[in-house]
Amino acid sequence: MHYLTAIMNEYGYLVLFLSISLGILALPVPMEAMLAYAGFLSFIGQLNWFGSIFASAAGSTAGMLLSYWVGNKLGIKFFERHGKRIHIEPEKLTAISRWLSRFGNKLLIISLFIPVFRHFIGYFSGITGVPIRVYTLYTGIGSTIWVSSFIIFGKLLGSRWELFFEVIKRYVILTCLVLFILFVVIYLFKKLRNVVIETGSK
């Protein structure tokens, strides 16, 4: 982390763009910490906060598009044969398939808040042929929301960003998971209600 922050002090937006792109592709980059640090740099005036959000969101979207392209080009057979070597097992892709078929493209918006999940959904979307315009729109929106939340936290906390970062990270992810569970409950409730209505009308 200290090495990344050191080079970000010098190259700023370019490092943000590249580190977030590579992190999305499952390289070991502490993305949330990088985003919070970018917020701190905007607090001290070294980076512009809007520029930080733009570079980070662009990097996230680029990483998601690259994983989509890889999934689309290699196809499901490649991951069935070699997925275990790169930690993208068919079982994980099947699980994502079920979630995506149930909850649609809205899942793309919140997927970036869920560690591990965000590394697979791009490959799967490419494999299954999710329309590229729809995919780009939803991942672009999700990327902007995701990076903005951590950069704004970093800017608001200033020099205390590192002290409170882990707590904030837990709360942001927990909030996202709670919202996702609420979304699932509402979806299942509506589906059950429709089944009851259809059964009662017969």
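The values are calculated or read from the model by the stated rules, or taken from the named source; none is laboratory data. Note that the coordinates shown come from a computational prediction; the quantities given were computed from them, not determined experimentally. Cβ: placed from backbone, ideal geometry, glycine included. Neighbour counts: every protein chain shown.
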(message) Checking GLY51 against (1) surrounded by fewer than 17 Cβ atoms within 10 Å (Cβ to Cβ); (2) more than 17 Å from SER143 (Cα to Cα), only one condition comes out false. Which one?
(response) (2)
(request) Mind listing whichever residues of region 105-136 are of a type outside the set (Lys, Arg) and without any contact (Cβ under 8 Å) to a residue 24 or more places away in the chain? (result) LEU107, VAL116, PHE117, PRO131
(message) I need a count of the residues in region 3-24 that are at pLDDT below 85 and not small (Gly, Ala, Ser).
(response) 8
(message) Can you pull out every residue in region 47-81 that is under 17 Å from PHE150 (Cβ atoms) and of a type outside the set (A, V, I, L, M, F, W, C)?
(response) ASN48, GLY51, SER52, SER56, GLY59, SER60, THR61, GLY63
(message) Checking the conditions here, which among ALA38, ALA33 is more than 26 Å from THR136 (Cβ to Cβ), in contact (Cβ under 8 Å) with a residue 40 or more places away in the chain and surrounded by 18 or more Cβ atoms within 10 Å (Cβ to Cβ)?
(response) ALA33
